[in-house]
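**Student:** What follows is a structure written as C-alpha cells; I'll ask about it next.
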Amino acid sequence: MADNGVAARRAAAGLLGQVLGEQVMLSEALGASFMLKLPYEERARAQRLATETLRSLERVDRILKPFMRKAPPLAVHNVLRIATYELCTGGAAHGVVNDAVTSVGANSRTVKLKGLTNAVLRKVVEKGPEEWAKLRVPRLPKWLRGPLSKAYGSENVGRIERVHFAGAPLDLTPKQDASALAAAVDGTLLPTGSVRIDSAVQVSGLAGYQEGDWWVQDAAAALPVHILAPQKGEKIVDLCCAPGGKTMQIAASGADVTAVDTSERRMQRVRENLDRSKLDAELVVGDALEVEGQYDAVLLDAPCSATGTIRRHPDLPLVKDGSEFGELIELQAQMLAHAITLLKPGGRLLFCTCSLLPDEGECQIEDLLEVHPELEVDREALKMDGISQEWITEEGGLRLRPDFWADQGGMDGFYIALLRKPL
C-alpha cells in the first residue's frame, strides 16, 4: 500500500468517530461532508479501512490497550485504531505512522498528542503483528451473542463469527442467463443461481453493468423471490422494497409489480436501479400498512434488526444494543396481518427478514398460524437447487445463517417462509 493516503486515513478515523461516537450507521456516515470532498478512490479507501477496522475492533483494542495508561480522546483513539489495523495487516510502517501523527497534529484540540501517537504506534510496529495472529476471532457483543447461542448453540455462533470476520464476497443477481454472467465477470455460479466474485473489484467496471444485465444482491437475499416463483402477468406487491433487488427480480419475471417504501430517498435508489436494469415497476412512496388492493402475491421483506447482515455491516452490533427490537417485532406482526388482507383467494405471501433472531422469523410465522390456521405453509416451494433440507424449520420456513456455505464465503442470515391463502 502506498504511503500517501493521509486524507483517506483521516477520513476513515472520522467514519469511526461517527459510528463509535455518534452511533451512526456507516452507510449513513458515508454521506458526511468530509467524505464527499474526497476523490472517489480515496472515499473507497477510507470506507474499506473503516469497515475492516470495525470488523477487527476487538483485536485492535486488545493490541492498543497495553501501550496506553488510559484511553485518549476519541478522535485520537480512532486514528490509532485505523493505524493499528493497517500495521497489523501488512501496512507500511513509515507511511502509516507518519500519516497518523500528521492527522493528530492537524487538529488544534489534539496536536499535543502527536508524541503519544508516535510512541504508541512505534510499539505497535514492534509487537502488534505477532500478537495479532494470536488473538481470537472477534466476538459479537453479549446482548446479541447470548440470544444467538440460545438459538443455535455456542459452537455454531463461533462459526458465524468466523464468517463475519472473513467479510463478504460480492454476489450478483442476473437478469437472465446466470451461466453467461459468471463467464463474463469471471465469477462462480452458486447453486441457487447467484454469481459470486471473490476478489475486490470496481462494481461499475464489471461487464454488463452499463447494460443492466445484473445487480448486486447477496445470494441469501435473492432466494425469497426464487421461492415465491413469480409468473408472467401476475399482480404482485413488494412491501418495504428498497433498495429494490427483489423488485427487479419480480419485474424480470414478467410479473406486474408494485413496489412500496416509506422513504422517497430510498425509493430514488430503486428508480435508479430499475432504470439501469431497463425494468419496469409501479413505485409508491407510502406506508405498507396503508396499501390496498388484491394481489396474486405479496412479498413482505419486513423491517428488522438486520442482524443477518453483519458480515457486510460490522458496524451494526456496535451501533445497536437491541433496545429497539421489540418495536420492530411488533411492526412485523402488524405488517403480516395486513399483508394477508391483500391476497386474492389462492394468493401467496412471502415473508422474510434479514435477521438471525427467531423472534423475527420462526416465531412470527408460528404466531401467525395460530391466528390464521387456514393459511398453508408451502414446504414444497423450498425444494430447489442449493437449499439443504436441514435448513427447513419446524413450522416450514427456511433458516439461513452466515456459516452456511462457509467454505465459499458464507451468506447473509435470513428467514424466509411462503404461505398460501385458501381458494
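Nothing in this text is a laboratory measurement; each read-out follows from the coordinates by a stated rule. Computed from a prediction, not measured in an experiment: that's the story for all the values here. When we count neighbours, we look across all protein chains shown, and the Cβ atoms used for this are built from the backbone with ideal geometry, even at glycine.
**Student:** Write down the percent of antiparallel bridges among all DSSP beta bridges whose residues are both part of the chain, to the nearest 5. Don't jump to the answer; show the numbers that get you there.
**Tutor:** Values: 20 of 39 bridges.
Taking every DSSP beta bridge with both residues in the chain, the antiparallel ones total about 50 percent.
**Student:** Quick one: compute the contact order of region 219-420, relative version, from alpha carbon pairs under 8 angstrom and 6+ residues apart, as a percent.
**Tutor:** 21
**Student:** Given the C-alpha centroids of region 8-23 and region 135-182, what is the distance between them in whole angstrom?
**Tutor:** Going from one Cα centre to the other spans 24 Å.
**Student:** Further question: When only Cα pairs under 8 Å and 6 or more residues apart are kept, what is the percent relative contact order across the chain? Write down the numbers at each step before the final one.
**Tutor:** Details: 750 pairs, mean separation 58.6, N = 423.
Relative contact order comes out at 14 percent.
**Student:** Moving on to the next point. Tell me, what is the FRET efficiency for THR188 and GLN210 to the nearest 0.05, using R0 = 22 angstrom and their Cβ-Cβ distance as r? Write out the running numbers ahead of the final one.
**Tutor:** Values: r = 23 Å, r/R0 = 1.03.
Between THR188 and GLN210 the formula returns 0.45.
**Student:** Next question, about the same structure. If you take the Cα Rg of region 6-132 and divide it by 2.2 N^0.38 Å, with N the number of residues, what do you get? If you can, show how the numbers build up before the last one.
**Tutor:** On the way: Rg = 13.3 Å, N = 127, 2.2 N^0.38 = 13.9 Å.
Normalised by 2.2 N^0.38 Å, the Cα Rg of region 6-132 equals 0.96.
**Student:** For HIS338, what charge total do you get from the other residues with a beta carbon under 11 Å from its beta carbon, if Lys and Arg give +1 and Asp and Glu give -1?
**Tutor:** Working: positive: none; negative: ASP287, GLU290, GLU292.
Summing Lys/Arg as +1 and Asp/Glu as -1 gives -3.
**Student:** If one computes the Cα centroid of region 276-302 and of region 80-96, what distance in Å separates the two points?
**Tutor:** 47
**Student:** Principal axis extents for the chain, Cα atoms only, whole Å, descending order, please.
**Tutor:** 75, 46, 38
**Student:** Among 149-160, 247-258, how do they line up from the highest to the lowest mean number of other beta-carbon atoms within 10 Å? Don't skip to the answer; put the middle values down first.
**Tutor:** Numbers: 149-160: 15.6, 247-258: 22.2.
Going by the mean number of other Cβ atoms within 10 Å, highest first, we get 247-258, 149-160.
**Student:** Would you calculate, for the chain, the mean residue ellipticity at 222 nm contributed by helices, counting each DSSP H stretch of 4 or more residues as -39,500 (n - 2.57) and dividing by all residues, to the nearest 500?
**Tutor:** Details: 17 runs with 185 residues, N = 423.
The per-residue figure over the chain is -13000 deg cm²/dmol.
**Student:** What net charge do the residues around ALA13 carry, taking every other residue with its C-beta under 11 Å from that of ALA13, with Lys and Arg at +1 and Asp and Glu at -1? Spell out each step's value before the answer.
**Tutor:** Details: positive: ARG9, ARG10, ARG81; negative: ASP99.
Around ALA13, the surrounding residues sum to +2.
**Student:** Work out the length of the dipole vector of the chain about its Cα centre, built from +1 on the beta-carbon of each Lys and Arg and -1 on the beta-carbon of each Asp and Glu, and round it to the nearest 20 debye.
**Tutor:** On the way: 49 positive and 58 negative charges, 522 e Å.
For the chain, the charge dipole is close to 2500 debye.
**Student:** Using the structure shown, list the pairs from LYS65/LYS134; LYS344/LYS383; LYS70/LYS320; LYS70/LYS112; LYS383/LYS421 with a Cα-Cα distance above 18 Å, or answer none. Intermediate results must be reported in sequence, preceding the final value.
**Tutor:** On the way: LYS65/LYS134 15 Å; LYS344/LYS383 24 Å; LYS70/LYS320 25 Å; LYS70/LYS112 16 Å; LYS383/LYS421 20 Å.
Violating the 18 Å Cα-Cα cut-off are LYS344/LYS383; LYS70/LYS320; LYS383/LYS421.
**Student:** Continuing with the same structure: Could you work out how far helix 114-132 tilts from the main Cα principal axis of the chain, as a 0 to 90 degree angle to the nearest 10?
**Tutor:** 60
**Student:** In addition: For a quick check: sort TRP132, TRP143 by the number of other beta carbons within 10 angstrom, fewest at the front.
**Tutor:** TRP143, TRP132
**Student:** Hey, another quick one. Nearest 0.05, what FRET efficiency do THR89 and GLU380 give at R0 = 51 Å with Cβ-Cβ as r? Each step should come with its number before you reach the end.
**Tutor:** On the way: r = 47 Å, r/R0 = 0.92.
With R0 = 51 Å, the Cβ-Cβ based efficiency is 0.60.
**Student:** Moving on to the next point. Shape verdict for region 308-352, please, from the Cα gyration tensor: rounded (a/c under 1.5), prolate (a/b greater than b/c) or oblate.
**Tutor:** Details: a/c = 6.52, a/b = 2.15, b/c = 3.04.
Cα axes put region 308-352 in the oblate bin.
**Student:** For the chain, modelled as a GNM with alpha-carbon contacts under 10 angstrom, which of CYS363, CYS241, CYS354 fluctuates the most?
**Tutor:** Most flexible of the set in this elastic network: CYS363.
**Student:** Using only Cα atoms, locate the centre of region 210-252 and the centre of region 374-397, then give the distance between them in Å, rounded to an integer.
**Tutor:** Each part's Cα centre sits 19 Å from the other's.
**Student:** At 0.692 mPa s and 37 °C, plugging the Kirkwood radius over alpha-carbon pairs of region 272-337 into Stokes-Einstein gives what diffusion coefficient in µm²/s?
**Tutor:** On the way: Rh = 14.9 Å.
The Stokes-Einstein estimate is 220 µm²/s.
**Student:** If you line up the long axis of helix 93-105 against the longest principal axis of the chain, both from Cα atoms, how many degrees apart are they, to the nearest 10?
**Tutor:** 90
**Student:** May I ask you to derive the relative contact order of region 6-132, considering only C-alpha pairs under 8 Å and at least 6 residues apart, and to give it as an integer percent?
**Tutor:** Working: 142 pairs, mean separation 35.3, N = 127.
The value is 28 percent.
**Student:** Determine, from the Cβ-Cβ distance of LYS232 and LEU423 and an R0 of 25 Å, the FRET efficiency 1/(1 + (r/R0)^6), rounded to the nearest 0.05. Please list the in-between numbers first.
**Tutor:** On the way: r = 21 Å, r/R0 = 0.85.
Efficiency at R0 = 25 Å is approximately 0.70.
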